[in-house]
């Protein structure tokens, strides 16, 4: 059973993204080619980690990526990143480096290593610059054309920004434009009707089939609930950190007032939002 566009699962849900592209490697290869339009195209990829466990769906702070390898040995780490975490860039580099290092087994030579290329689609705006598609490699900070190695590369696409920038341009849409349109307007019939890139049209049809499957919808719901819980946990941690920071500042202010003034405990407590007992203990310690 297929679903109409209004009831489709969101392909930006990372579980839906993985279910969609792990099952259709040919579409994954086309997406990779669209993002890496300046690189030699790949024809086919083999998905290394097609499965999703219940622990993956329910676990907070877990990344649901798609690992794939082409016939030449290039490894691609493709993911939908839905969280604008402060440590996101460090985590992205860590996973790429770990995937690169995990290629070697004991006794093997460095010549056995092949490049690892990250393709990260961001459901948030990463920078304030008028640029939405990025490619990072290890290069000299002055001689920008001198690259140490292409063994680690990271492509990033800010989806919403890419769609905004394309809206202000004339000319025919590229495969990249159509993929961005799919991820940002998957449930809008008028916009999806303008898509001409055949693999994107196939991805929409596959998403409809996926959305009509009860088990897939349940998996998407479980994943969205875990992501919501994660956001709540991060927000609570930030709030706790802010409260602790305010308390430390109030304690410091109280200590300064104790040292520099003859104010009584009640007045200092009122000025610093501490209790009189807390101010009294600080006075005794001071």
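Where a number appears in this text, it was derived from the coordinates with a stated rule and is not lab data. This one's a predicted model, so the numbers in the text were calculated from it and none came from an experiment. Virtual Cβ from ideal backbone geometry, glycine too; neighbours counted across all protein chains shown.
Most mobile of 57, 274, 154 per a Gaussian network model of the chain (Cα springs, under 10 Å)?
274
Can you sort 94, 155, 110 from fewest to most other Cβ atoms within 10 Å of each residue's own Cβ? Please report the intermediate quantities before stating the final value.
Numbers: 94 11, 155 20, 110 7.
The fewest-first ordering by Cβ neighbours comes to 110, 94, 155.
Could you work out how far the C-alpha centroid of region 28-57 sits from that of region 67-133, in angstrom?
Region 28-57 and region 67-133 have Cα centres separated by 12 Å.
Using only Cα atoms, tell me the angle between helix 175-185 and the longest principal axis of the chain; keep it within 0 to 90° and round to the nearest 10.
So the inclination is approximately 50 degrees.
By how many degrees, 0 to 90 and rounded to 10, does the Cα axis of helix 214-260 deviate from the longest principal axis of the chain?
The answer is roughly 30 degrees.
Using the Kirkwood formula over every pair of different C-alpha atoms, what hydrodynamic radius in Å results for region 3-121? Can you show the working numbers first?
On the way: mean 1/r = 0.0644 Å⁻¹.
The Cα-based Kirkwood calculation yields 15.5 Å.
Counting just the Cα atoms, what span does region 80-187 cover along each of its three principal axes? Round to the nearest Å and put the largest first.
Per principal axis, max minus min of the Cα coordinates gives 53, 34, 29 Å.
What 222 nm value per residue comes from the helices of the chain, counting each DSSP H run with n ≥ 4 as -39,500 (n - 2.57) and dividing by all residues, nearest 500 deg cm²/dmol?
Details: 11 runs with 142 residues, N = 286.
My calculation for the chain gives -15500 deg cm²/dmol from helical runs alone.
Packing-wise, with mean Cβ within 10 Å as the measure, how do 142-148, 37-43 rank, highest first?
Ranking, from highest mean packing down: 37-43, 142-148.
Please check: in the Gaussian network model of the chain (C-alpha springs, under 10 Å), which one of 139, 223, 209 has the largest mean-square fluctuation.
Comparing 139, 223, 209 in the GNM, the peak value goes to 139.
Have a look at 96, 152, 104 and tell me which one the Gaussian network model of the chain (Cα, springs below 10 Å) gives the largest fluctuation.
Judging by the Gaussian network model, the answer is 104.
Binning every alpha carbon pair distance of the chain at 10 Å from zero, what are the percents per bin?
6, 22, 27, 17, 10, 9, 7, 1
Would you order 246, 23 from fewest to most other beta-carbon atoms within 10 Å of each residue's own beta-carbon? Intermediate results must be reported in sequence, preceding the final value.
Working: 246 11, 23 14.
Lowest to highest Cβ neighbour count: 246, 23.
As a footprinting exposure proxy, order 197, 185, 120 by other Cβ within 10 Å, with the fewest listed first. Don't skip to the end; give the middle numbers.
Details: 197 19, 185 16, 120 23.
Ordered by Cβ neighbours within 10 Å, fewest first: 185, 197, 120.
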